[in-house]
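Peer 1: Here you go, one structure.
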């Protein structure tokens, strides 16, 4: 049975619930979920928002306790220290997990992942690699691709938002210690947090998962109707970049609708809106009203209410 792993803090409770419910609503098989959390008590209320289905057979929320490592590159970043938690797996998880897949909280499942996921995971296990991920850049002596020289890697660079993990190999090879040693060795070079650490250590030695399991969705992109039809055949949408569907400007984008659909299905509300830059977000809202952008939304009034709550009440 597959266990899906999330690493979050209280700022990503809603996103994690949305992601887990997208799995519940689409999966045809049973699975487990583990959340490594900075503040587990903050998630208690949100557990009640998980749709009651027999497919989710177990949910564990485990508190992360840092054994003393400095976690670099977080000041002013759009991510929190939770991005580093999976480096500590063997210090946190028990050794009985059969099949483990890490998901970022900004990943939603839009189609039934099984049985295609079972086949892909079996191919991954047979490959002998310790992780399975999706490549985003390949080194071709292009001086513009600075991550290769920055990290001193020589082949390709992957996105770590979806990661198949051979946990038995992880344990046997003591990978958490090796990855934490890598973290300390490159701490002054890190720009993309644990993703840089993982890429530095594995340096191209990984199983290439099918794009359907980590479709990198940039909501700033403009898609034709035919392109939308094609991407809707994928399994996992991963909202990449700093602009997220729960930001004011992000929620106005066409492809944020997939995230908000599962947010609504979770009983959390119609739109998930988080305003961090209130003056700028107010300008975005006024411009959207002026330019009739709200007409593209299913529920313009509820979108405005969500914005108002976030702007004024901080909710």
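Coordinate-derived values only; no laboratory data. Note that this is a predicted model, so its numbers are computed, not measured. Every residue, glycine as well, gets a Cβ built from its backbone with ideal geometry; the counts of neighbours run over all protein chains shown.
Peer 1: Taking the alpha-carbon centroid of each part, what is the distance from the range 155-213 to the range 23-83 in angstrom?
Peer 2: Between the Cα centres of the range 155-213 and the range 23-83 lies a distance of 20 Å.
Peer 1: Among bridges DSSP assigns within the chain, what percent are antiparallel (round to 5)? Write out the running numbers ahead of the final one.
Peer 2: On the way: 13 of 35 bridges.
So the antiparallel bridges in the chain amount to around 35 percent.
Peer 1: Starting with the fewest neighbours, write out 305, 170 ranked by other beta-carbon atoms found within 10 Å of each beta-carbon.
Peer 2: 305, 170
Peer 1: Would you kindly calculate the mean projected area, averaged across all directions, of the convex hull enclosing the Cα atoms of the range 56-199, in square nanometres?
Peer 2: On the way: hull surface 41.4 nm².
For the range 56-199, averaging the hull's shadow over all directions gives 10.3 nm².
Peer 1: For helix 193-202, report the angle its Cα long axis makes with the longest principal axis of the Cα atoms of the chain; keep it between 0 and 90° and round to the nearest 10°.
Peer 2: It is inclined by approximately 30 degrees.
Peer 1: At 222 nm, what helix-only mean residue ellipticity would the chain give, in deg cm²/dmol to the nearest 500, using -39500 (n - 2.57) for each DSSP H run of four or more?
Peer 2: Computed ellipticity for the chain at 222 nm equals -9500 deg cm²/dmol.
Peer 1: Using just the C-alpha positions of the range 1-129 as equal point scatterers, what log10 of I(q)/I(0) does the Debye formula give at each q in 0.12, 0.15, 0.18 1/Å?
Peer 2: Log-scaled intensity ratios, in q order: -0.48, -0.75, -1.05.
Peer 1: Still on this structure, please answer the following. For a quick check: sort 196, 58, 106 by the number of other beta carbons within 10 angstrom, fewest at the front. Intermediate values should be presented prior to the final figure.
Peer 2: Numbers: 196 24, 58 11, 106 21.
Placing the least packed residue first, the sequence is 58, 106, 196.
Peer 1: List 89, 59 from most exposed to least, where exposure is judged by having the fewest other Cβ atoms within 10 Å.
Peer 2: If I rank by nearby Cβ atoms, fewest first, I get 59, 89.
Peer 1: Against the longest alpha carbon principal axis of the chain, how many degrees, from 0 to 90 and to the nearest 10, is the axis of helix 13-26 turned?
Peer 2: So the helix axis and the longest Cα principal axis differ by about 80 degrees.
Peer 1: Please state the Cα pair-distance histogram of the range 119-249 with 10 angstrom bins from zero: what percent is in each bin?
Peer 2: Reading upward from the zero bin: 11, 35, 36, 16, 2.
Peer 1: Past the 18 angstrom mark, what percentage of all C-alpha to C-alpha distances in the range 242-313 do you count?
Peer 2: 29
Peer 1: Let me ask something additional. Show log10 I(q)/I(0) for the range 185-284 at q = 0.20, 0.23, 0.24 Å⁻¹, two decimals, from a solvent-free Debye sum over equal Cα scatterers.
Peer 2: These q points yield log10 I(q)/I(0) values of -1.09, -1.19, -1.22.
Peer 1: Right, here's the next one. Taking only Cα atoms, what is the 0 to 90° angle, nearest 10, from helix 175-185's long axis to the longest principal axis of the chain?
Peer 2: 80
Peer 1: How large is the Kirkwood hydrodynamic radius of the range 38-110, in angstrom, based on all distinct alpha carbon pairs?
Peer 2: Value: 15.0 Å, from the Cα pair sum.
Peer 1: Considering all projection directions equally, how large on average is the shadow of the alpha-carbon convex hull of the chain, in square nanometres?
Peer 2: Computed as one quarter of the Cα hull surface, the answer is 16.8 nm².
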